[in-house]
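Enquirer: I have a structure here, written as structure tokens, and I will follow up with some questions on it.
We did not get these values from a lab; they are worked out from the coordinates using the rules stated. All values derive from a computational prediction rather than experimental measurement. Methodologically, a virtual Cβ is constructed for each residue, glycine included, from the backbone with ideal geometry; neighbour enumeration extends over all protein chains shown.
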Amino acid sequence: MSTKITLDYQINRLGFWSAILLIVSGVVSMYLPLDIPGGSTAEHADRVAWLSTNRGAFIAGWANQIVAMFCASGVLFGITWQIRERNPLTAILAAMVVLVSVIAYIIPKFMAVWTIPLLVEVLSSGVTGAGAELADPLLRILNVSAHFSLYAALEELGFWMWAVFGLLVAVPLYGDSVASKIAAVTLGYIGISYHVLVAALLVGIVDLPSIYGYLEFSFNIIVIVIIAMGFQFKAALAASR
């Protein structure tokens with residue numbers, strides 16, 4: 001095989017296995033907690049106690065989220081490769097957007113795995129001294145369930161990048177296969193609906209608690225993109241052998 005064919009095969013294989021692993025991590029996430037039951041409605045003291053008791057499961061849950069994020073990014077990167085011939089400039093811009101989303105997502109997820117457990121350890125052990133008094137306010141700021149926390153803001157930046165990605169690739173991805181058409185339409189819907197919902201939030205038509213469910217739905221349907229692109233990558237693998 002030539003270098004070009006080999007690269008094509010490798011990237012499509014990356015996209016295919018990323019889609020498979022993303023589905024697996026999604027199943028695993030059903031059995032791992034990401035926060036105390038009750039989420040943002042739970043009392044701070046209860047959250048500290050829960051995090052102390054369920055430290056291992058909490059870290060495992062967010063480590064799985066990191067895996068899922070990288071797998072999703074692998075699928076999106078594979079999509080940019082799929083559109084490179086139809087619109088190379090859009091493919092480059094979309095790849096850059098994927099990179100920004102990875103940076104936006106990895107920061108809060110790493111803090112969930114590393115910083116939050118350490119803050120809880122400081123609070124639970126009663127450690128005193130330089131910096132110890134900052135543990136409590138920092139843990140409140142990094143509340144993983146509060147929509148207005150610093151943690152949520154970084155997550156929303158990642159969501160926004162995915163929505164921008166959807167707007168960029170929807171048209172050039174709409175190709176000859178049924179799978180590419182389904183993925184393109186779904187990504188276009190995600191991109192448009194997310195920006196409409198955020199605009200409605202910014203002008204005060206709806207409030208954040210009300211809109212959060214709609215935003216979550218918009219990105220839950222990305223599973224359609226993952227499944228469709230799995231078939232698309234598989235077909236591309238067969239063609240690039």
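Enquirer: Excluding Ala42 itself, calculate the net charge of residues whose Cβ lies under 15 Å from the Cβ of Ala42, where each Lys or Arg counts +1 and each Asp or Glu counts -1.
Expert: Residues close to Ala42 contribute a combined charge of -1.
Enquirer: Given the options Phe16, Phe217, Phe110, state which has the largest fluctuation in a GNM of the chain using a 10 Å cut-off (strictly under) for Cα springs.
Expert: Phe217
Enquirer: Another question, then. Evaluate E = 1/(1 + (r/R0)^6) for Ala63 and Leu7, where r is the Cβ-Cβ distance and R0 equals 35 Å; express this FRET efficiency to the nearest 0.05.
Expert: The computed FRET efficiency comes out at 0.70.
Enquirer: Report relative contact order for the chain in percent, whole number only (criteria: Cα-Cα under 8 Å, sequence separation at least 6).
Expert: Averaging sequence separation for qualifying contacts and normalising by length gives 25 percent for the chain.
Enquirer: How far, in nm, would the chain grow between Ala200 and Leu134 when pulled straight, counting 0.36 nm per residue and subtracting the alpha carbon separation?
Expert: Contour length minus the Cα-Cα distance gives 20.2 nm.
Enquirer: Once each part is reduced to its C-alpha centroid, what is the distance from the stretch 177-241 to the stretch 29-64 in angstrom?
Expert: Comparing the Cα centres of the stretch 177-241 and the stretch 29-64, I get a distance of 28 Å.
Enquirer: Can you list which of the DSSP-assigned H helices in the chain have a Cα extent of 20 Å or more along the long axis and an average Kyte-Doolittle score of at least -0.5?
Expert: Helices meeting the span and hydropathy rule in the chain are 3-29, 55-82, 88-113, 150-173, 178-202, 222-240.
Enquirer: Now for a separate question. Would you please put 71-80, 37-46, 141-150 in order of how densely packed they are, using the mean number of other Cβ atoms within 10 angstrom per residue and starting with the highest?
Expert: 71-80, 141-150, 37-46
Enquirer: Tell me, what does the Kirkwood hydrodynamic radius of the stretch 141-241 come to in angstroms if you use every pair of distinct C-alpha atoms?
Expert: One over the average 1/r among Cα pairs gives 14.8 Å for the stretch 141-241.
Enquirer: Under a Cβ-Cβ cut-off of 15 Å, what is the net charge of the residues other than Asp136 that fall near it, where Lys and Arg count +1 and Asp and Glu count -1?
Expert: Neighbourhood net charge equals -2.
Enquirer: May I ask for the net charge around Ile83, where only other residues with Cβ less than 14 Å from the Cβ of Ile83 are counted and Lys, Arg are +1 while Asp, Glu are -1?
Expert: Every neighbour counted, the sum reads 0.
Enquirer: Taking the C-alpha atoms of the chain, how large are the radius of gyration and the largest Cα-Cα span, Dmax, in Å?
Expert: 20.0, 64
Enquirer: With springs only between Cα atoms under 10 Å apart, run a GNM on the chain and tell me which of Val203, Val185, Val122 wobbles the most.
Expert: Top of the fluctuation ranking is Val203.
Enquirer: For a Förster distance of 22 Å, can you work out the FRET efficiency between the beta-carbons of Glu43 and Glu216, rounded to the nearest 0.05?
Expert: 0.40
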